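Notes follow the structure.
The values are calculated or read from the model by the stated rules, or taken from the named source; none is laboratory data. This one's a predicted model, so the numbers in the text were calculated from it and none came from an experiment. Positions of Cβ are backbone-derived with ideal geometry, glycine not excepted, and every protein chain shown enters the neighbour counts. These area figures cover heavy atoms from the full protein model, side chains too; ligands, DNA and RNA do not enter into them. Shrake-Rupley method; radii C 1.70, N 1.55, O 1.52, S 1.80 Å.
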Amino acid sequence: MLQTKKYKRVKEVKEETSASESEESANDASSEETEDEYEIGKIVDNTQNGGNVQADLSLKFVNTWKMVKCELDTGANTSLIGRECLMELNEQTNPILLPSKFRLQSFGGHPIKVLGQVKIPCRRLGRRYTLVLQVVEGDHRPLLSAKASKVLGFVKFCKAVTFEPAKSVKSSRALLNIYRVKAQTIVEAHDEIFVGYGKLPGTVSLEVDHSVPPCIQPPRRVPIAMREKLKKELEILEKEGLIIKESKHTDWVSNVVIVQRGSPEATSIRICLDPIPLNKALKRPHLQFVTLDEILPELDKAKVFSTVDAKKGFWHVVLDEPSSKLTTFWTPFGRYRWTRLPFGIAPAPEIFQMRLQEVIQGLKGVECIADDLLVYGTGDSLEEALIDHNNCLEMLLTRLEEHNA
């Protein structure tokens, strides 16, 4: 968000209908020469990240009208342009700049040097305006502030959103918007199941083939650079009750695989077992997973779909103590064992899906596909399907709440 240290009316865009009005507009715009400090939300081209919104605007440079692509930033409270871009549009190596006392800073608080300001005639939808742009270093295309974007008609701010009764709404998009809001209300009514990790009723026992001899893997060294992150992650998992320290002898001890996630600047890690010998001994229930092709006949009249994904779903399944001891693993900070079903063991996907199917058994409009839940609404019309979908979603969330999933 963009903030000012104190209120002051800033006139960036004035409608120009005559020569006299143009002169008055320029004088008014000069009131932007202030020592107030402003923030600029974005002055870089972020198209590769899909972040910005651009619009074409007719601007006048050296008696020539040019169609210029401008960036709209509703988070900025002043407009600007890069000096190199200005030189290119003005076809001058040293364009004349008016003095400016603006002090700008980026969203992160870094100061942006202002070289001066320019007043550029512009026109849009049959009207003419004078646009005041602060000139900064770089090749930034013109950036239009929230006020400039609003005056020029590029954006419109709505203070309230209202919906007409469903019977009077004819468009599919309007119907989707109405029932999407209702679905969000249903989700918010069950917000507790979205906090932390669930704990499905009962415990799970891992079956072991005792003809396979137990194995204690040689401990694998963890790089020094990863140790601090590993320690913090272990502390978090232990605090949440997902792992506990194991000081006694166990027949099985595995190594872990540390999976790095996120951007290089802000990586997080996930700890997974690497139980290659253990997996040879664990018996799998060999569940036949449901595929989308199998349930397609049931989706004949389905028109609305949504998916529900369990956060680290395996961790919602509790292991009994003997099974927990099978999952003991090495770390530089001692041995730990999982109290919940860990990632990495062979039967985990089947076990989790069986438990999930037990929870949703008998629910209409809900199917379990891999580790996701598909919620669908059926009906002869779109509105009937949307109503059915929201009813099915309500029943699913209530069931998950009842089972602490």
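Residue by residue, here is whether (1) open to solvent by 80 Å² or more (accessible area, probe 1.4 Å); (2) farther than 16 Å from Ser145 by Cβ; (3) of a type in the set (Asp, Glu); (4) modelled with pLDDT of 50 or more holds:
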site	(1), (2), (3), (4)
Lys5	yes, yes, no, no
Glu35	yes, yes, yes, no
Lys42	no, no, no, no
Gly75	no, no, no, yes
Gly82	no, no, no, yes
Asn94	yes, yes, no, yes
Leu97	no, yes, no, yes
Ser106	no, no, no, yes
Residue pairs within 6 Å by beta carbon, gap of at least six or interchain, first lying in segment 175-201 and within 18 Å of Gly377 (Cβ to Cβ), second outside any helix (DSSP H, G or I), listed first then second, are Leu175/Val169; Ile178/Phe163
- request: Report yes if some residue within segment 333-351 is in contact with a Gly (Cβ under 7 Å, 6 or more places away or on another chain) and either open to solvent by 20 Å² or more (accessible area, probe 1.4 Å) or closer than 30 Å to Ile387 by Cβ (or both); otherwise report no.
  value: yes
Farther than 30 Å from Ala183 by Cβ and in contact with a strand residue (DSSP E or B) (Cβ under 6 Å, 6 or more places away or on another chain): does that describe Glu246?
yes
Taking segment 291-321 and keeping residues of a type in the set (Asp, Glu) and out of contact with any Ser or Thr (no Cβ under 6 Å at 6 or more places or on another chain) leaves Asp293, Glu294, Glu298, Asp300, Asp309, Glu321
Taking segment 222-249 and keeping only residues that are assigned to a loop (DSSP other than H, G, I, E, B) and either touching a residue at least 24 places away in the same chain (Cβ under 8 Å) or open to solvent by less than 70 Å² (accessible area, probe 1.4 Å) (or both), one is left with Val222, Glu240, Gly241, Leu242, Glu246, Ser247
Here the residues within segment 55-73 that are open to solvent by less than 10 Å² (accessible area, probe 1.4 Å) and acidic (Asp, Glu) are Glu71
Of the candidates Val290, Val259, the one satisfying the condition of being free of Cβ contacts under 8 Å to residues at least 24 places away in the same chain and in contact with a Cys (Cβ under 7 Å, 6 or more places away or on another chain) is Val259
For segment 108-147 the number of residues that are more than 25 Å from Asn63 (Cβ to Cβ), in a loop (DSSP other than H, G, I, E, B) and either open to solvent by 50 Å² or more (accessible area, probe 1.4 Å) or out of contact with any Ser or Thr (no Cβ under 8 Å at 6 or more places or on another chain) (or both) is 6
Selection from segment 281-329 of residues surrounded by 20 or more Cβ atoms within 10 Å (Cβ to Cβ) and either charged (D, E, K, R) or assigned to a loop (DSSP other than H, G, I, E, B) (or both) yields Val317, Thr327, Thr328
Within segment 360-395, of all residues that are assigned to a loop (DSSP other than H, G, I, E, B) and without any contact (Cβ under 8 Å) to a residue 12 or more places away in the chain, the one most open to solvent (accessible area, probe 1.4 Å) is Gln361
